[in-house]
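Colleague: First the structure, which I've put down as C-alpha cells, then a few questions once you've had a look.
Derivation of every value follows stated rules applied to the coordinates shown; laboratory data play no part. Since we're looking at a predicted model, the values are computed, not measured. A quick note on method: Cβ atoms are made from the backbone with ideal geometry, for glycine too, and the neighbour counts reach across all protein chains shown.
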Protein chains: 2
Amino acid sequence: MTRPTLKIVKIGGKLIEDETKFTEFLDDFAALESPKILIHGGGNLATEMASKLGYKTQMHEGRRITDVNSVKVITMVYGGLINKNIVAKLQARENNAIGMCGADGASIISTKRPVKEVDFGFVGDVEKVNSGFIGSLLEQQITPVFSAISCTKEGMLLNTNGDSVAAEIAKAMSVEYKTKLIFCFEKKGVLANPKDDLSVIENIDGEKYKTLLAEKVISDGMLPKLHNAFEALENGVSEIILGDFKLLKGGSIHTKIVN
Amino acid sequence: MTRPTLKIVKIGGKLIEDETKFTEFLDDFAALESPKILIHGGGNLATEMASKLGYKTQMHEGRRITDVNSVKVITMVYGGLINKNIVAKLQARENNAIGMCGADGASIISTKRPVKEVDFGFVGDVEKVNSGFIGSLLEQQITPVFSAISCTKEGMLLNTNGDSVAAEIAKAMSVEYKTKLIFCFEKKGVLANPKDDLSVIENIDGEKYKTLLAEKVISDGMLPKLHNAFEALENGVSEIILGDFKLLKGGSIHTKIVN
C-alpha cells in the first residue's frame, strides 16, 4: 500500500499575528488530507509579552539573544498559548491534533549552540528527530503541531529556528514517508526584488540559489529558510515550496525549490 | 499477562512552587515503575503572572472567576511553562514523557460550566477522557503529563479542577488497567484538626466521610478532593491515597480512602 504524501507545513509568526489570515490558514490546513504536521513560530507575540513583563530583549547585530527570561516567555507563549490554541482550533475543525515541543516524547533533541564570539544563550541546534514516535501519532490519524522549542538530553528547553525544525522533521520523516515541505509566510515566495511583492522567483535550483546568494538578492530572513530547504531536498524530501497563506489551497504563485 | 498497576499522581500547586520539594518529588516520580500519569496544577504562579501583566483576578465568595485573560494566563503558565518544564525534567531523568492539555489528542473533553447565580467563566466539567489514546502512549512507555486544562468539542480551552481531571482519568483508565490514584499536596493527608499537621486521619471509608462532612471537619480545599476520591473509588479505581510529597517513596503517614 502506498502511503499518501506527508505534508509538513511551517507557518511564520507574522501570519499567526493576523487573525483573519490565520483563521483562513487553519481552515485550509484542516482541509488537507492526512498525514500532516504543523510547525509554528510566534512572531512578535513573545517579544510583546516579554516587554509587558518588563524583560529587556537583548540583541546582537539584529539577532536576538535568548536569555533565561526569553526562553521562559517563549515556553509560555509558543509552547503554551499559541500551541494549545492551534490544537484546540484544529479539534474544532474535526482534526485530531496534538501540541508538542521537542521535549514531548523526546521528539526534537538538540544541543545548545556553542558560544563563539557571541553567546546567543538558550538556542538549540537540532540533533535528532524521534521519527518513530511522530510516525506512531500519524498512524493514529493524529496531527502533530510543534512549537519551535527543542530540548537537550539533559532536559534544557531551547529556542530553535522554526524553519530548521520543519526541515529536520521533514528529513527524518522522509525515510518512511514521501514528504512535501511547505513554508508559509507573509510573502508569496522568494522575491527577486524585496520591495516588489510580485517579483516571485517561481523556481530555484542549486545553480540559481548560488547566483542569488552571490548577487545578494536573498534577504536576511530568507537565508536560513533557503539553506534549510536545499539541505532538506538533498536529504530525501520530495518537494519543497514557499509562499503565502493561500499556498495550501494551491493555485497561487509561489517559489518551488528544485534539484 | 497481568499489567503492572497504573499509577496516577496529582501534584498540587503549592508543591510545585517549592523548588526543593518539587525536585525531590520529580526524582521519586521518575523512579516509579511505569505505567504512570502525572497531573499538575500551578498554584499561585498563574495569579502572579496575571498580576505582573496587570490583569485583575476576579473572585466570588473566595472562588476565582476564570475570565478571558485568566484562561490565557493559565494556558501560558500551566499548559506551557510548567508543563514543558516538568516534561524536560522527566526526560533528563530518563523518563520519556509527553506534556498535554485536554485539547491534545482530544484527551480531556469537557463542557463549559453552565451559568447559574454566578458565571465562573471559562471553567470546564470533564465529559470524556480519551482512554484509548492515553493507553497508546502508556504502551509505548511514554508518561503523559497533564496540565489541568480541558477543551470543549468546539475548541474552547477551559480551566478545570486538577483533582477532578485526575479522578476522571483514573476512572476512564481503570476499564483497562488496575489503577492507583495518588493525591500529593502540602499536607500529610486529611487532617482531623486543620491546625495540627500531625492529626492525619489514616483511613476514611464512606461512613467516616459522612461523619466528617456532618461535623464540618473537612476544609474547603479538601472537599472536592474527597468527593472526587470517593467517586473514583465507586467507579473502578483500586486504591486512593492522599499525602505529601514523600508519599511516592512510601512509608510516610497518609490518608487512605477505603470502601
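Colleague: Under the convention of a label 7 Å out along Cα→Cβ, give the distances in nm from residue A:132 to the same position in every other copy, shortest first.
Modeller: 2.5
Colleague: Could you pull out the GluC sites (Glu not before Pro) across the stretch A:101-200 that fall in loop regions by DSSP (anything but H, G, I, E, B) with no more than 15 other Cβ atoms inside 10 Å?
Modeller: A:117, A:154, A:176
Colleague: State whether chain B is rounded, prolate or oblate according to the following rule on the C-alpha gyration tensor (a ≥ b ≥ c being the square roots of its eigenvalues): a/c under 1.5 gives rounded; otherwise a/b larger than b/c gives prolate, and the remaining case gives oblate.
Modeller: Cα axes put chain B in the rounded bin.
Colleague: Within the stretch A:112-214, which trypsin sites (Lys or Arg not before Pro) sit in a loop by DSSP and count at most 16 neighbouring Cβ atoms inside 10 Å?
Modeller: Taking the stretch A:112-214 and a limit of 16 other Cβ atoms within 10 Å, the loop trypsin sites (Lys or Arg not before Pro) found are A:116, A:153, A:178, A:195.
Colleague: Further question: Please compute the net charge surrounding residue A:119, taking Lys and Arg as +1 and Asp and Glu as -1 over other residues with Cβ under 14 Å from its Cβ.
Modeller: It works out to a net charge of +2.
Colleague: Please report the antiparallel percentage of DSSP beta bridges with both residues in the stretch B:1-159, rounded to the nearest 5.
Modeller: Of the beta bridges lying entirely in the stretch B:1-159, close to 40 percent run antiparallel.
Colleague: Closest to the B-onto-A rotation axis, which residue of chain B has its Cβ, and how many Å off the axis is it?
Modeller: B:80, 1
Colleague: Can you list the HN-Hα couplings for the stretch B:100-116, worked out from phi with the Karplus curve (6.51, -1.76, 1.60; θ = phi - 60°), rounded to whole Hz and with x for Gly and Pro?
Modeller: In residue order, the calculated couplings are 9, 10, x, 5, 5, x, 6, 6, 10, 9, 10, 10, 6, 4, x, 7, 10 Hz.
Colleague: Here is a follow-up. Of all DSSP beta bridges in the protein assembly as shown, what percent run antiparallel (nearest 5)?
Modeller: The answer is about 35 percent antiparallel.
Colleague: If you average the alpha carbon positions of the stretch B:130-175 and of the stretch B:49-81, how far apart do those two centres end up, in angstrom?
Modeller: 22
Colleague: How far, in nm to one decimal, is residue A:54 from itself in the other copies if the label point is set 7 angstrom along Cα toward Cβ? Shortest first, please.
Modeller: 1.3
Colleague: Which shape class, rounded, prolate or oblate, goes with the stretch B:86-223 when its Cα gyration tensor gives a ≥ b ≥ c as root eigenvalues, a/c under 1.5 marks rounded, and past that a/b bigger than b/c marks prolate?
Modeller: oblate
Colleague: Under 12 Å between alpha carbons, and skipping anything fewer than 8 positions from residue B:56 in its own chain: which aspartates and glutamates qualify?
Modeller: Leaving aside aspartates and glutamates fewer than 8 places away in the same chain, those within reach of residue B:56 are B:48, B:67.
Colleague: While we're on this one: Report the antiparallel proportion of the DSSP beta bridges in the stretch B:99-220 as a percent, rounded to a multiple of 5.
Modeller: If we restrict to bridges inside the stretch B:99-220, about 70 percent are antiparallel.
Colleague: If you don't mind, there's one more thing I want to ask. Amide H of residue B:130 versus every other amide H placed in the peptide plane: which residues, excluding those fewer than 5 positions away on the same chain, fall under 5 Å?
Modeller: Amide H neighbours of residue B:130: B:108, B:109.
Colleague: Here's a follow-up. Between residue A:17 and the same site in the other copies, what are the distances in nm, shortest first, taking label points 7 Å from Cα along the C-beta direction?
Modeller: When each copy's label point is compared with this one, the spacings are 3.5 nm.
Colleague: Would the stretch B:1-135 count as rounded, prolate or oblate if I go by the C-alpha gyration tensor, calling it rounded below 1.5 in a/c and otherwise prolate when a/b exceeds b/c, oblate otherwise?
Modeller: oblate
Colleague: How much length would be gained if the chain were fully extended between residue B:125 and residue B:112, taking 0.36 nm per residue of separation minus their Cα-Cα distance, in nm to one decimal?
Modeller: This chain segment gains 4.0 nm when fully extended.
Colleague: Explain nothing, just compute: Karplus ³J(HN,Hα) = 6.51 cos²θ - 1.76 cosθ + 1.60, θ = phi - 60°, for every residue of the stretch B:177-194 in order, whole Hz, x for Gly and Pro.
Modeller: With the stated coefficients, the stretch B:177-194 comes to 10, 6, 10, 10, 9, 10, 9, 9, 8, 7, 10, 7, x, 6, 9, 6, 10, x Hz.
Colleague: When we measure straight from the Cα of residue B:216, which lysines land under 25 angstrom away, once same-chain ones fewer than 8 places off are left out?
Modeller: Excluding near neighbours in sequence, the set is B:10, B:14, B:187, B:188, B:195, B:208, B:225, B:256.
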